[in-house]
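The values are calculated or read from the model by the stated rules, or taken from the named source; none is laboratory data. It should be emphasised that the depicted structure is a prediction, and the values quoted were computed from it without experimental measurement. Cβ placement follows ideal geometry from the backbone for every residue including glycine, while neighbour counts extend to all protein chains displayed. Accessible surface areas use protein heavy atoms only, side chains included; no ligands, DNA or RNA. Shrake-Rupley method; radii C 1.70, N 1.55, O 1.52, S 1.80 Å.
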Amino acid sequence: MPGTLALLDPADTEGPLQLDQVSYFLSKIELRRGKGPTMAPWRKRLSIATSSITADAAEYFGLPRDRTVIMGSQIEV
């Protein structure tokens with residue numbers, strides 16, 4: 001992502017970007033097992049298990065950790 005930002009034309013943004021000061025914001029959703037009859041128990045376990053093995057988004061996009069904010073929420077399945 002930082003490399004892609006470097007390719008932007010300053011005329012297309014609000015001015016030149018200072019890439020060493022850019023902050024990145026990511027969201028993360030955590031699935032939790034709920035008591036409601038939303039789906040079969042084995043499907044709940046499978047959904048939660050597969051959601052927890054996803055790649056780290058900051059690492060995937062090559063974002064600097066010291067300038068990346070990760071906010072999250074929880075959803076019951």
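At the residue level, Ile70 shows approximately 90 square angstrom of accessible surface with a 1.4 angstrom probe and all protein chains present.
The charge dipole of the stretch 14-67, taken about its Cα centre with unit charges on the Cβ of Lys, Arg, Asp and Glu (plus for the first two, minus for the last two), comes to roughly 720 debye.
Computed with every protein chain present, the accessible area of Lys44 is close to 10 Å² [probe 1.4 Å]. Here log10 I(q)/I(0) by the Debye sum over Cα atoms at q = 0.20, 0.22, 0.26 Å⁻¹ was computed from the coordinates, and among (1) -0.78, -0.94, -1.30; (2) -0.89, -1.00, -1.19; (3) -0.91, -1.09, -1.37 the match is (2). For the stretch 35-72 and the stretch 1-20, what is the centre-to-centre distance using only Cα atoms, to the nearest Å? Here the two parts' Cα centres lie 29 Å apart.
Peptides 46-56, 4-14: what's the order by average Cβ count within 10 Å, highest mean first? Numbers along the way, then the final one.
On the way: 46-56: 10.8, 4-14: 8.5.
Ranking the peptides 46-56, 4-14 by packing returns 46-56, 4-14.
When the Cα positions of Thr54, Thr13, Ala40 are compared along the charge dipole of the chain, Ala40 comes out farthest toward the positive end, with charges on each C-beta of Lys, Arg, Asp and Glu. For the Cα atoms of the chain, what angle does the longest principal axis make with the long axis of helix 41-52, in degrees from 0 to 90, nearest 10? With both axes taken from Cα atoms, the answer is about 20 degrees.
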